[in-house]
């Protein structure tokens with residue numbers, strides 16, 4: 001077993017960042033290549049063979065461009081916002097189990113035990129686990145899923161700060177939309193994972209993978225939860241069809257309007273890192289993480305085993321990233337009230353019902369496949385309900401229109417010619 | 001110093017207390033050209049939308065008074081840069097009506113095909129842009145692929161891709177080659193495939209439909225009252241199409257090959273569907289016309305003293321030589337009757353008319369344009385009230401406002 005000391009920690013952190021940062025760069029290239037493929041174009045092909053050096057050129061451009069700071073902005077928060085956005089997105093990678101070398105120990109029981117005994121027991125089990133290399137930056141973190149969600153909700157701060165400090169109506173509207181959107185979609189996101197947690201009995205991501213390794217992937221038993229999770233995650237990442245905070249045709253750039261150069265680059269980096277993190281989360285929570293039909297057990301050497309697991313994980317993640325790109329270039333975006341309607345009228349009731357189904361199955365120790373049937377059934381029932389009783393879009397004008405005579409041109413509204 | 005005690009201000013918390021103004025444009029991604037909208041908002045809901053035009057004013061009509069009837073073609077091109085050929089042909093309709101000129105059958109067919117290509121090109125952009133404004137870039141680029149094909153045809157006909165300046169009084173700049181006919185023939189099936197692609201991508205897309213259904217509803221009465229024309233009017237149930245009602249060019253021969261597409265919806269979805277339908281109908285016109293192009297000269301006879309005679313006529317006949325000479329002397333040229341005419345065509349956006357006042361000289365005394373966009377843009381405040389900011393691009397895209405036409 002490899003000891004996990006400070007030096008290893010630093011190497012792993014450096015390794016993860018060194019891998020993720022270029023991945024973000026190449027994700028932007030992939031986005032452009034996929035969009036070109038979808039749209040019958042060639043895509044970037046000037047810099048390097050097949051445009052492979054394009055991310056370098058883009059990165060260089062971000063560094064070399066002048067960073068304009070408009071005079072009307074709140075300088076501190078204006079500069080803080082991109083940093084917050086990027087840092088939070090990167091920190092969430094700390095709990096991702098890239099490829100464990102040993103199963104995590106069970107949580108330490110604390111009730112009815114002397115505090116000293118707890119400490120001792122912790123040192124024996126968790127401590128030992130934390131001291132060995134497990135292909136994760138923070139090993140043995142029993143609240144792994146919660147940490148990811150907590151950091152995910154913090155990400156809204158970057159957006160809010162950026163939008164507010166820009167002192168621009170478009171930015172402010174964008175950031176307000178974003179905060180409402182992220183808060184709304186946190187609920188179905190959390191709710192769909194609760195079903196998973198009820199089965200696995202642990203918040204530890206490594207523990208969730210271990211459960212799936214033994215019993216089968218969660219996507220088999222809770223397909224609806226996975227669907228809800230995926231949709232919520234798209235909203236969390238501000239990706240189409242949920243990219244309202246930066247809806248170009250409505251709000252110019254949303255909260256990004258006033259940003260340029262590296263500040264903008266950091267926002268972009270944060271956004272794409274968020275995509276990677278959430279794809280990893282989808283893989284780990286619903287698609288068995290690094291497990292693949294026992295393939296990962298063929299390699300017994302711990303180091304090579306970790307490498308194989310890491311490759312499996314990365315392949316699955318890559319699939320979800322590709323899905324992200326494909327969805328973006330296929331469907332248009334929602335309007336804000338439709339977005340909220342989807343969260344509150346469709347996804348939250350569905351996730352509650354699904355959670356209820358999970359509880360019933362757990363309570364009466366039914367087969368997991370019963371849950372699969374319920375999950376699919378709920379989805380179909382929702383579809384049938386929508387077709388049978390749906391009223392269509394509510395697009396009627398929403399507001400009483402001012403009946404007073406409009407001011408003549410040149411007065412009041414800042415029209416030229418006054 | 002004693003404090004001045006003031007009465008509390010009267011409660012004037014009206015709408016104006018919490019409404020705010022948002023400048024939408026003139027530089028904005030959704031106003032594809034330089035439009036400005038002054039939106040009064042309550043949250044994200046639009047209370048009042050006030051269009052402000054004039055950011056692209058180029059004095060086109062004034063220029064028309066200083067250029068002769070052929071020279072003004074280049075300027076007319078720039079009024080609607082989405083479908084310039086349709087503008088040229090509409091301008092010539094007015095001019096030839098003024099001169100009482102009957103163009104050759106071949107020229108009629110060529111102009112019809114080119115006008116229909118321009119209509120398709122315009123509708124492709126409008127449909128693509130309405131998808132783009134809702135976040136669907138892919139349909140936009142599918143549309144632009146086909147626009148490239150149309151540009152190729154126009155280029156091989158006129159030598160220019162974007163602003164061809166191809167039409168002349170009494171004919172065309174030059175006759176087309178067989179190459180153009182082949183390209184048009186090849187374009188028909190290719191376009192139908194792309195048309196089906198766009199329809200498959202958008203027609204049943206739940207998000208797309210939810211965004212445009214019931215947004216910006218224009219009633220039939222309102223459409224008539226505000227003299228709305230073109231696809232916008234037809235989407236509101238006003239079945240008027242100059243190609244059917246007052247056929248011009250080769251349309252009398254082609255009446256059987258197309259139908260007028262109309263809808264009762266009046267919303268953005270209806271306008272989108274009408275445009276999609278019109279493209280299919282235009283394709284039928286082109287397919288029918290391209291097989292029936294009559295032979296013969298493309299320009300009117302030399303005797304008309306209108307069009308420039310070709311080389312043979314210039315060098316081999318005295319009439320040709322004299323006419324060539326006269327047309328190229330800036331103070332000779334042709335004379336026009338002293339008259340006022342209005343000539344209009346059904347272009348992609350609606351009825352594009354030109355009101356020409358001639359004073360007998362070689363230049364129009366007044367060259368007034370009736371641009372469809374100008375009239376459609378005046379609808380915008382009415383269509384927008386009570387909707388959301390997000391609906392602004394949807395409605396703007398469905399009206400297909402061309403700013404150069406507003407501020408001509």
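Read-outs throughout are calculated quantities, based only on the coordinates presented, and are distinct from any laboratory measurement. Quick caveat: nothing in here was measured; it's all calculated off a predicted structure. In this analysis, Cβ positions are derived from the backbone assuming ideal geometry, glycine residues included, and neighbour counts consider all displayed protein chains.
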Open item on the list: Just to confirm my numbers, what's the Cα centroid distance between the range B:82-108 and the range B:190-264 in Å?
Closed with: 24 Å
Task: Evaluated over chain B, the Cα radius of gyration and Dmax, each in Å - done: 24.0, 106
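Based solely on its DSSP helices, what 222 nm [θ] is calculated for chain B when runs of n ≥ 4 H residues each add -39,500 (n - 2.57) and the sum is averaged over all residues, nearest 500 deg cm²/dmol?
Details: 18 runs with 195 residues, N = 408.
Mean residue ellipticity at 222 nm (helix-derived): -14500 deg cm²/dmol.
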Task: Cα-based shape type of the protein assembly as shown, given that a ≥ b ≥ c are square roots of the gyration tensor eigenvalues and the cut on a/c is 1.5 - done: prolate
Open item on the list: Angle check, please: helix B:105-132 long axis (alpha carbons) against the longest principal axis of chain B (alpha carbons), in degrees 0 to 90, nearest 10.
Closed with: 20 degrees
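In peptide A:326-339, what is the residue-averaged number of other protein chain Cβ atoms found within 10 Å of each Cβ?
Shielding by partners across A:326-339 averages 6.
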Task: Alpha carbon Rg of the range A:257-321, scaled by the compact-globule rule 2.2 N^0.38 Å - done: 1.50
Open item on the list: Given axes a ≥ b ≥ c from the Cα gyration tensor, I'd like to know whether the range A:32-83 is rounded (a/c under 1.5), prolate (a/b larger than b/c) or oblate.
Closed with: prolate
TODO: Calculate the length of the line joining the C-alpha centroid of the range B:124-159 to that of the range A:255-287, in whole Å.
DONE: 32 Å
TODO: Name the residue, out of B:312, B:31, B:104, whose mean-square fluctuation peaks in a Gaussian network model built on chain B with Cα pairs under 10 Å.
DONE: B:312
Task: Sites residue B:264 and residue B:21, calculated FRET efficiency, Cβ-Cβ separation with R0 22 Å, nearest 0.05 - done: 0.05
TODO: Once you have a ≥ b ≥ c as the square roots of the Cα gyration tensor eigenvalues for the range B:165-207, tell me rounded if a/c is under 1.5, and otherwise prolate or oblate according to whether a/b is larger than b/c.
DONE: oblate
Open item on the list: What are the extents of the Cα atoms of the range B:157-254 along their three principal axes, in Å, largest first?
Closed with: 47, 35, 27
- [ ] Assuming 1.306 mPa s and 10 °C, estimate D for the range B:208-339 with Stokes-Einstein, Rh taken as the Kirkwood radius over Cα pairs, in µm²/s.
- [x] 85 µm²/s
Open item on the list: Sort A:46-52, B:257-263, B:53-59 by the packing proxy (mean of other Cβ within 10 Å over each peptide's residues), most packed first.
Closed with: B:257-263, B:53-59, A:46-52
TODO: Rounded to the nearest 10 degrees, what's the angle between the helix B:137-158 long axis and the longest principal axis of chain B, both from Cα atoms, 0 to 90?
DONE: 20 degrees
- [ ] Please give the helix B:318-328 orientation as an angle from the longest Cα principal axis of chain B, in degrees from 0 to 90, rounded to the nearest 10.
- [x] 30 degrees
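Once the convex hull of the C-alpha atoms of the range A:135-227 is built, how many Å³ does it hold per residue, rounded to a whole number? Show your work: numbers first, answer last.
Details: hull volume 10.0 nm³, N = 93.
Spread over its residues, the Cα hull of the range A:135-227 gives 108 Å³ apiece.
Among B:243-249, A:185-191, B:232-238, how do they line up from the highest to the lowest mean number of other beta-carbon atoms within 10 Å?
On the way: B:243-249: 17.0, A:185-191: 21.6, B:232-238: 24.6.
Descending packing order for the listed peptides: B:232-238, A:185-191, B:243-249.
Take peptide B:383-396, look around each residue's Cβ out to 10 angstrom, count Cβ atoms belonging to other protein chains, and average those counts.
The per-residue average across the peptide is 5.
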